[in-house]
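These notes are about the structure you will find just below.
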Amino acid sequence: GGGGGAAMAADEGLVSVDYEVFGKVQGVFFRKYTQGEAKRLGLVGWVQNTSHGTVQGQIQGPTARVRELQEWLRKIGSPQSRISRAEFSNEKKIKALEHKEFQILK
């Protein structure tokens, strides 16, 4: 619920969300570009390849910035990638960031 106008301020809390990206996303520098984009947006978390050909990870940061990276993961990715879909789960509000930076995990 709630009224109009100043909705932005209320949305400025921190959130954490898990993601998995499907398509041609391995061997195309997807992790490196994701890390770069996350750092540009000031987000923390991690990214890694899975054994079944997807890329997964977690993003944490201000809601609006997390939304930007979600959109990026859905539509853009690295130049050589072909994203079929991105799934997001376990979204929750957090009091403080649980990671110091955005890491590429092996």
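For the condition over 14 Å from Gly23 (Cβ atoms), surrounded by fewer than 18 Cβ atoms within 10 Å (Cβ to Cβ) and at pLDDT below 95, what is the one hit in Lys100, Lys95?
Lys95
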Test Gly1 against the criterion of being modelled with pLDDT under 95 and exposed (fewer than 13 other Cβ atoms within 10 Å of the Cβ), and give yes or no. yes
Restrict the check to region 19-28 and report whether at least one residue is under 15 Å from Ile76 (Cβ atoms), outside any strand (DSSP E or B) and touching a residue at least 40 places away in the same chain (Cβ under 8 Å). yes
For Leu69, are the conditions met, namely being over 15 Å from Val21 (Cα atoms) and in contact with a Leu (Cβ under 9 Å, 6 or more places away or on another chain)? no
In this structure, is Ser78 out of contact with any Leu (no Cβ under 8 Å at 6 or more places or on another chain), of a type in the set (Ser, Thr, Tyr), on the phi < 0 side of the Ramachandran plot and in contact (Cβ under 8 Å) with a residue 60 or more places away in the chain? no
Could you check region 21-41 and list, in sequence order, the residues that are open to solvent by less than 70 Å² (accessible area, probe 1.4 Å) and either among the hydrophobic types (A, V, I, L, M, F, W, C) or within 29 Å of Ile94 (Cα to Cα) (or both)? Val21, Phe22, Val25, Val28, Phe30, Arg31, Thr34, Gln35, Gly36, Glu37, Ala38, Leu41
Test: residue in region 42-54 that is open to solvent by 70 Å² or more (accessible area, probe 1.4 Å) and either touching a Lys or Arg at 6+ places or on another chain (Cβ under 6 Å) or among the acidic types (Asp, Glu) (or both): no
Just to be sure, is Ser81 more than 18 Å from Glu101 (Cβ to Cβ), of a type in the set (Ser, Thr, Tyr) and crowded, with 18+ Cβ neighbours inside 10 Å? yes
Pairing a residue in region 93-104 that is within 10 Å of Gln60 (Cα to Cα) with any residue that is exposed (fewer than 13 other Cβ atoms within 10 Å of the Cβ) and at pLDDT below 95, where Cβ atoms lie under 7 Å and the two sit 6 or more apart in sequence or on different chains, gives Lys93/Gly13
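Results for (1) touching a helix residue (DSSP H, G or I) at 6+ places or on another chain (Cβ under 7 Å); (2) among the polar types (S, T, N, Q); (3) at pLDDT 95 or above, shown as yes or no for each residue.
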residue: Gln26; (1), (2), (3): no, yes, yes
residue: Arg31; (1), (2), (3): no, no, yes
residue: Gln35; (1), (2), (3): no, yes, yes
residue: Arg40; (1), (2), (3): no, no, yes
residue: Leu43; (1), (2), (3): yes, no, yes
residue: His52; (1), (2), (3): no, no, yes
residue: Gln56; (1), (2), (3): no, yes, yes
residue: Gln60; (1), (2), (3): no, yes, yes
Right, Glu71: of a type in the set (Asp, Glu), without any contact (Cβ under 8 Å) to a residue 24 or more places away in the chain and open to solvent by 20 Å² or more (accessible area, probe 1.4 Å) or not? yes
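The values are calculated or read from the model by the stated rules, or taken from the named source; none is laboratory data. Nothing here was measured: the structure is a model prediction, and the numbers come from that model. Neighbour counts run over all protein chains shown; Cβ positions are idealised from the backbone, glycine included. In case anyone asks, the SASA skips ligands and DNA or RNA and just uses the protein heavy atoms, side chains included. Shrake-Rupley method; radii C 1.70, N 1.55, O 1.52, S 1.80 Å.
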